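Shown next, in structure tokens, is the structure this report addresses.
Since every read-out is calculated from the coordinates, none of them should be taken as a lab result. Small disclaimer: the values here were computed from a predicted structure and weren't measured.
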Amino acid sequence: MNEDKQNWSVSDIAKHIGVSRSTVHRFIREDRLAVYDTGGKYIARKDDVERLLQDLRVPSKQAVVRLQD
């Protein structure tokens, strides 16, 4: 997959984020990923895929520092 291209297929997206094609289709059904329907094929913009990745990101847990009295 050429990561420089701006429009990605469902297969491209699945490979990029490491999930199955059915998971990508679920993200589309749940309106978590904006796509264009090009007559039976979905195409997503690279920016929208990156936005999905940010939405899926789990924040890291920061160490809690307790001060003694």
Under 18 Å from the Cα of Lys41 - lysines, other chains or at least 8 residues apart
Lys5, Lys15
Please work out the C-alpha center-to-center distance from the stretch 6-21 to the stretch 40-62 and express it in whole Å.
11 Å
